[in-house]
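The values are calculated or read from the model by the stated rules, or taken from the named source; none is laboratory data. Just so it is clear, the model here is predicted, and its values are computed rather than measured. Note that each Cβ is placed from the backbone with ideal geometry, even for glycine, and that neighbours are counted across all protein chains shown. Surface areas here come from the heavy atoms of the whole protein model, side chains and all, with no ligands, DNA or RNA. Shrake-Rupley method; radii C 1.70, N 1.55, O 1.52, S 1.80 Å.
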Amino acid sequence: MKTKNVLDLTDLTHKELMNVIKLADEIRKNPGDYSSACKGKILATLFYEPSTRTQMSFQTAMLRLGGTIIGFDNPQNSSVAKGESLKDTITVVGGYADIIAIRHPLEGTAAAAAMYSPVPVVNAGDGGHLHPTQTLTDVVTLQNEMGRLDNLTIGLCGDLKNGRTVHSLIKTMSTFKGNKFVLISTPELTIPQYIKDIINASECSYKETPSLADAIPKLDVLYMTRIQRERFSSEEEYQKQHGVFILDKEKLRSAKKNMKILHPLPRVDEIDVEVDYDDRAKYFEQTVYGMYGRMALIMTLLENSSKAFSPRVMPTHPFKCKNPRCIVSTEKYLPSVFREAGGDMLICKYCDGRRLI
């Protein structure tokens with residue numbers, strides 16, 4: 001593999017991604033053949049933010065592969081509560097484990113962790129930025145349920161601004177030819193510009209609409225998401241957006257008979273429970289596909305990995321990221337790292353935040 005970390009699913013080449021999807025299917029069909037694949041290996045799950053599916057899916061994946069798990073699901077039960085830096089936590093845990101899955105409320109945390117980890121780091125969600133293993137879950141589901149990953153019309157509905165699952169899914173699906181994205185949101189929760197730029201640079205296209213009912217007849221896939229209360233600055237702002245998009249049986253009457261409904265979960269009220277009994281609803285099957293996807297990813301990353309205590313030294317840029325949700329806002333020792341985007345535009349290496357020189 002070209003990298004030992006998966007901070008974004010696009011860290012995998014197209015061939016590597018397809019190999020992981022294929023391996024996930026093989027594990028699903030023949031689980032007994034892989035029950036000792038990671039015997040003697042340890043996965044650390046470091047969850048600074050609440051999680052049910054992602055954390056338990058990673059843990060179950062490792063246990064089903066014959067490995068063991070360590071970690072925490074509440075930073076207040078670790079030395080983080082005493083003020084320990086991300087750098088020190090990652091360096092120490094990397095000495096105990098063979099692979100680390102990390103979730104954190106600040107954007108770019110996984111990228112920062114990878115700078116100091118002696119073992120592979122997998123991004124299990126960094127704020128409203130990215131969630132690559134949810135996207136792996138999504139593409140494994142689509143490959144099995146649709147039979148292809150190209151030439152699909154994919155509707156993404158809800159909080160597209162803060163939805164890290166949406167951002168990751170678009171980034172990955174835009175690498176497959178002929179995909180069309182229908183972005184369904186309120187004006188306040190529209191997709192970030194850097195994601196639009198990614199689509200524009202690909203062989204895919206997108207359009208935006210505020211109406212789920214108008215969009216649904218054309219879709220092959222509908223990816224519903226919740227309005228994320230935890231990403232809003234106030235309860236008042238959240239309530240303005242809450243309940244705008246709700247998928248129910250009435251809206252489904254105009255949908256294609258073979259359309260697939262996905263959701264990264266948890267849901268609040270954006271999908272009526274009656275939809276659960278529709279054959280097009282695949283969000284619960286999606287969680288199981290995700291476990292097999294994570295099993296395949298863990299195996300792939302551990303296959304050629306070896307511990308190496310060599311923290312990456314990077315020069316510090318004179319400019320600072322202006323995104324208050326970026327990990328550099330709290331971990332002050334981190335080097336300021338940008339990539340140039342033409343003209344006077346800089347893009348933060350951690351969170352993809354933009355700033356002008």
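Things worth noting here:
- FRET E, pair Lys218, Glu145, Förster distance 22 Å, beta-carbon r, rounded to 0.05: 0.75
- If R0 is taken as 22 Å, the Cβ-Cβ distance between Lys177 and Glu26 corresponds to a FRET efficiency of 0.30.
- Entry for the range 104-167 at q = 0.15, 0.23 Å⁻¹: log10 I(q)/I(0) = -0.58, -0.97, Debye formula applied to identical alpha-carbon scatterers, no solvent contribution.
- Relative contact order computed over the chain (Cα-Cα under 8 Å; 6+ residues apart), in percent: 18 percent
- Across all directions, the average projected area of the convex hull around the alpha carbons of the range 248-306 is 5.4 nm².
- Average Cα contact separation per residue, the range 13-106, under 8 Å, 6 or more apart, as relative contact order %: 35 percent
- If the chain linking Glu208 and Lys82 were pulled fully straight, counting 0.36 nm for each residue of separation and taking away their Cα-Cα distance, it would gain 40.8 nm.
- Each helix, a run of at least 4 DSSP H residues, gives -39500 (n - 2.57); summed and divided by the residues of the chain, these come to -9500 deg cm²/dmol at 222 nm.
- In this view, the solvent-accessible surface of Arg148, computed with a 1.4 Å probe and all protein chains in place, comes to about 90 Å².
- Fraction of accessible area attributable to carbon and sulfur, the range 152-195 (%, probe 1.4 Å): 55 percent
- Cβ-placed point charges (K, R +1; D, E -1), dipole of the chain about Cα centre in debye, nearest 20: 740 debye
- Of all the options Ala341, Ala61, Ala112, the one that moves most in a Gaussian network model of the chain with Cα springs shorter than 10 angstrom is Ala341.
- Positive end of the dipole of the range 88-222 (Cβ unit charges, origin at the Cα centre): among Gly94, Gln134, Met115, the Cα lying farthest that way belongs to Gln134.
- For the residues Val139, Val93, a 1.4 Å probe over the protein chains yields an accessible-area ranking, largest first, of Val93, Val139.
- All-pairs Cα distance distribution in the range 263-357, expressed in whole percent, bin size 5 Å: 2, 10, 13, 10, 8, 11, 15, 14, 9, 5, 2, 0
- In terms of distances greater than 19 angstrom between alpha carbons, the cross-link table entries Lys257/Lys282; Lys218/Lys251; Lys256/Lys282; Lys171/Lys196 yield no pairs at all.
- Straight-distance candidates among the lysines for linking to Lys320, with alpha-carbon spacing under 23 Å and chain neighbours fewer than 8 residues away dropped: Lys87, Lys161, Lys332, Lys349.
- Membrane-span-like helices in the chain (whole DSSP H runs, Cα extent of at least 24 Å along the helix axis, mean Kyte-Doolittle hydropathy of at least -1.0): 283-303.
- For the range 1-77, the fraction of 1.4 Å probe accessible surface lying on carbon and sulfur atoms is 49 percent.
- Where only C-alpha atoms are counted, convex hull volume of the chain per residue in Å³: 137 Å³
- More than 20 Å apart - percent of Cα-Cα pairs taken over the range 60-172: 51 percent
- For the range 1-123, alpha-carbon Rg over 2.2 N^0.38 Å: 1.08
- 5 angstrom amide H check on Ile99, placed H, neighbours 5+ away: Ile42, Ala44
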